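**Student:** Have a look at this one.
The values are calculated or read from the model by the stated rules, or taken from the named source; none is laboratory data. Note that the coordinates shown come from a computational prediction; the quantities given were computed from them, not determined experimentally. FYI the Cβ positions are ideal-geometry reconstructions off the backbone, even for glycines, and counts take in every protein chain you see. In case anyone asks, the SASA skips ligands and DNA or RNA and just uses the protein heavy atoms, side chains included. Shrake-Rupley method; radii C 1.70, N 1.55, O 1.52, S 1.80 Å.
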Amino acid sequence: MAVAPSQLVSSITEKLIVKPSFPTPSPLKYHKLSFIDQSLSHMYIPLVFFYSKQQQKEVNSDISSIHDLDEVAHKLQNSLATTLSAYYPYAGSMRDSATIECNDGGIEFLNVRIKCPMSEMLNNPHDYAEGNIFMKDLPWKNSFNGSLLVAQLSHFDCGGIAISACLSHKVGDGGSVASFFNDWSKVTRNPNRIPRPQFIGDTFFPTPNGPLVAPLIDSKLEKCVHKKLHFSASKLQGLRAKIAAEAGVKNPTRAEVVSALLFKSATKAASKINNTSFRPSKLVNYVDIRPMTTPPLSRNFIGNLLTVTSTTASHGEEMKLPRLVGEFRKEFELVFKKDPVQHNSLVLKLLETMESPYAVDEYDTYFCSNMCKFSGYSIDFGWGKPERVCAPMGPFKNFFILSADQSVDGVEAMVTLEEQHMLAFECDEELLEFASPISSF
């Protein structure tokens, strides 16, 4: 029988501070935040990995030791301490709006027992996530008085576990979070492994006129809901082929076609709910600049290494998928032609407005973050690959987050819209031709 949200009981069995295994060298004591770092509020990027008891059995037959709560927690805490020695800014504290003092103060680690089967959590994510597998009032929130990283191990009655963390966006972007989890999981499997991230600080994007007094971009989720969709590799193959033929775009990527379809469906939903004709709309794509610099940066470079592209549509005819994908490709190629550091569109837009660049706009604005190159389903702490990888709703309305599915070739899309818009969006026939709703977390 399902457990009602009000009946779900979680208890913190242990709460401690995990400090780096080795002290941070004196020359690295102060981590300077870039202009993009400072423009972001103190929002925390959340991610959770669920591991079932059966998956763990397949990896390790010594099931009694795997499920010894103290042993699992101790193993993760030790590997986390080693990982923090390399990811030292996360173990520090904000000195001022432009600087992290890398004082090895450590990060908060919670060991939690949740009195329900893991399936209940997966099937009722909106009721159960915050305050259970994540610390209450932390995911995507704009301020927090605790550490710059909060990690948690959750144990379920069925023997499954969840490993989650919330990492400050001030320190790094989604690519940085992916690198952290990759390294933490590898160190857990092999304690002799030494992670080698490289923190970029303010090398690329120094603040031109001194520290920012206040952030320019914050998280806003009032009246929003969150849905997850799955685009299988076979469905995507057909959609990509169709668009390639009609748009003349060579090998459209899965991110290009999925973001175009989500954008189109969301704008149709907005028009339907508002009972209006098509409103001018814009899709802002967040782009990782690591592969675009000269020379290209590897994935272990940590920071908010981002730019943006913008694609607009002034009337409904411009929302045809081949046209959108063609425009996405043109915008992306322009980023490659320019120096994404010296001519960074996100930095230029922020400098131009000195406020949230899309706060007041003639367009209805949507956002997309493409994390398809990061396969969360490959994160193995030593107990097999996760059954599910999830993130809570956020960071603001009209946001799409794309990631690889379990097969690596398909896409899982996390969509945040206003509640009324979502009612129309999730019924869009063109969308459902290619996407399957994921009712669970």
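**Student:** Accessible area per residue, 1.4 Å probe, Å², for the chain: what's the number?
**Tutor:** 44
**Student:** Hey, another quick one. Which of 266, 165, 247 moves the most in a Gaussian network model of the chain with Cα springs under 10 Å?
**Tutor:** 247
**Student:** May I have the convex hull volume per residue, in Å³, for the Cα set of the chain?
**Tutor:** About 146 Å³ per residue, rounded to a whole number.
**Student:** Which trypsin sites (Lys or Arg not before Pro) from the stretch 177-240 combine a DSSP loop assignment with at most 11 other Cβ atoms within 10 Å?
**Tutor:** 223
**Student:** Using helices alone, I'd like the mean residue ellipticity at 222 nm for the chain: each DSSP H run of four-plus residues gives -39500 (n - 2.57), total over residue count, nearest 500.
**Tutor:** Rounded to the nearest 500, the figure is -9000 deg cm²/dmol.
**Student:** Give me the net charge of residue 439's neighbourhood, meaning all other residues with Cβ under 10 Å from the Cβ of residue 439; Lys, Arg count +1, Asp, Glu -1.
**Tutor:** +2
**Student:** Only sites in a loop by DSSP and with at most 15 other Cβ atoms within 10 Å count here; which GluC sites (Glu not before Pro) in the stretch 198-288 make the cut?
**Tutor:** 222
**Student:** Compare 11, 164, 281 in a GNM of the chain, Cα atoms joined below 10 Å, and give the one with the largest fluctuation.
**Tutor:** Comparing 11, 164, 281 in a Gaussian network model of the chain, the most mobile one is 11.
**Student:** Also, I was wondering about something else. Report the Cα centroid-to-centroid distance between the stretch 272-296 and the stretch 369-434 in angstrom, as an integer.
**Tutor:** Computed from Cα coordinates, the inter-centre distance equals 17 Å.
**Student:** Only bridges with both residues in the stretch 106-182 count here: give the DSSP antiparallel percent, nearest 5.
**Tutor:** Here the antiparallel bridges make up roughly 45 percent for the stretch 106-182.
**Student:** Could you work out the local net charge near residue 430, counting Lys and Arg as +1, Asp and Glu as -1, over the other residues with Cβ closer than 10 Å to its Cβ?
**Tutor:** Net charge around residue 430: -1.
**Student:** Quick one: if you stick a label point 7 Å off each Cα along the C-beta vector at residue 430 and residue 245, how many nm between them?
**Tutor:** Reported label-point gap for residue 430 and residue 245 is 1.8 nm.
**Student:** Same structure again: What aspartates and glutamates does residue 320 reach when the alpha-carbon gap must be under 12 Å and sequence neighbours fewer than 8 apart in one chain are set aside?
**Tutor:** Straight-distance partners of residue 320: 246, 430.
**Student:** Order 423-436, 17-30 from most to least packed using the mean count of other Cβ atoms within 10 Å.
**Tutor:** Highest to lowest by the protection proxy: 423-436, 17-30.
**Student:** Hey, another quick one. With a 1.4 Å probe and every protein chain kept in, tell me what percent of the accessible surface of the chain is carbon plus sulfur.
**Tutor:** 50
**Student:** Residue 313: net charge of surrounding residues, Cβ under 11 Å, Lys/Arg +1, Asp/Glu -1, itself excluded?
**Tutor:** With Lys, Arg at +1 and Asp, Glu at -1, the net is +1.
**Student:** Measuring from label point to label point, each 7 Å out along Cα→Cβ, what is the residue 95 to residue 16 span in nm?
**Tutor:** 3.0
**Student:** Mind running the shape call on the stretch 305-388? Use the C-alpha gyration tensor, a ≥ b ≥ c as the square roots of the eigenvalues: rounded below 1.5 for a/c, prolate if a/b tops b/c, oblate otherwise.
**Tutor:** Since a/c reaches 1.5 and a/b is larger than b/c, the shape of the stretch 305-388 is classed as prolate.
**Student:** Only bridges with both residues in the chain count here: give the DSSP antiparallel percent, nearest 5.
**Tutor:** Counting only bridges with both partners in the chain, antiparallel ones make up about 70 percent.
**Student:** For the stretch 101-243, what number results from the quotient of the Cα radius of gyration and 2.2 N^0.38 Å?
**Tutor:** 1.32
**Student:** Right, next: What's the center-to-center distance, using Cα atoms, between the stretch 310-354 and the stretch 173-190 in Å?
**Tutor:** 30
**Student:** Relative contact order of the chain, please, whole-number percent, based on alpha carbon pairs below 8 angstrom and at least 6 residues apart.
**Tutor:** It comes to 23 percent, rounded to a whole number.
**Student:** So what's the projected area for the stretch 348-441, the Cα convex hull averaged over all directions, in nm²?
**Tutor:** For the stretch 348-441, the mean projected area of the Cα convex hull comes to 8.6 nm².
**Student:** Shifting gears a bit: What pairs from 15/115; 19/53; 228/330; 282/397; 75/186; 141/170 go past 22 Å between their alpha carbons?
**Tutor:** Violating the 22 Å limit, Cα to Cα: 19/53; 228/330.
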